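Heads up: the structure comes next, in structure tokens.
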Amino acid sequence: MTYLLGAALLCSAAGVIAAPAAPPAKAAVPAPAAAPAKRVLPELALEDRNGRLAGTASLRRPAHWVLLVVDANRPQTQGTLARLAQEEGWGDGVSIVAIGSETAFQALVQRHAKLRGVQWFRDGGGTMKALRLPGLPVALGIDGEGAIEWQSLGLPASGGKAQSLLSTWLNGNKR
């Protein structure tokens, strides 16, 4: 009996050894990471400087451009915009959206008329929420497809650095 039990164990062990090996389990290959979704400029309710309704389409440009969002009622806004004045103007590369009353908006536009080439818009409501802005003033670098490529809370205190920030983007050199 012991002999039969030993023979049975030996045969079963031989069967295990002779059995074909199972193919190795395939390692899970992670899927390639998807490119982060672009943050596209949302639809904004705006008014142009003449009080006519305007929207995001009024802001768009075929090349890089800058959107500044400021508070027309804050005294600090005057200093922020004064740092952007330059002799040659900004062409059509800078749009300013001012949040505040119609009176404060018109006073801001008149006071900073030397910002040649700037397009002025007044917030018709909801710009800060739509753009998810943490505070003001904010500069946003927008590409020709309407994607927000960068965002800067505030502008450098030096006028030259503030102008350089905008010029670098407008001239096609990403920040």
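The values are calculated or read from the model by the stated rules, or taken from the named source; none is laboratory data. Because the structure is a prediction, the values reported are computed rather than measured. Note: ideal-geometry Cβ built from the backbone for every residue, glycine included; neighbour counts use all protein chains shown. We work out accessible area using only protein heavy atoms, side chains counted, and drop any ligands, DNA or RNA first. Shrake-Rupley method; radii C 1.70, N 1.55, O 1.52, S 1.80 Å.
Some notes on this structure:
- A 1.4 Å probe, protein heavy atoms only, puts the accessible area of Thr103 near 110 Å².
- Restricted to Cα atoms, the stretch 92-175 shows a radius of gyration and a Dmax of 13.3, 37 angstrom.
- The gain in end-to-end length when the Glu88 to Asp48 segment is fully stretched comes to 12.1 nm, 0.36 nm per residue minus the alpha carbon separation.
- Long-range HN-HN contacts of Gln151 with modeled amide H, under 5 Å: Gly141
- Inter-site label distance for Asn171 and Gln76 at 7 Å from Cα along Cβ, in nm: 2.9 nm
- Principal semi-axes in Å for the stretch 89-134 [√(5λ), Cα gyration tensor, largest first]: 20, 15, 7
- Computed with a 1.4 Å probe on the full set of protein chains, the accessible area for Ser164 sits at about 60 Å².
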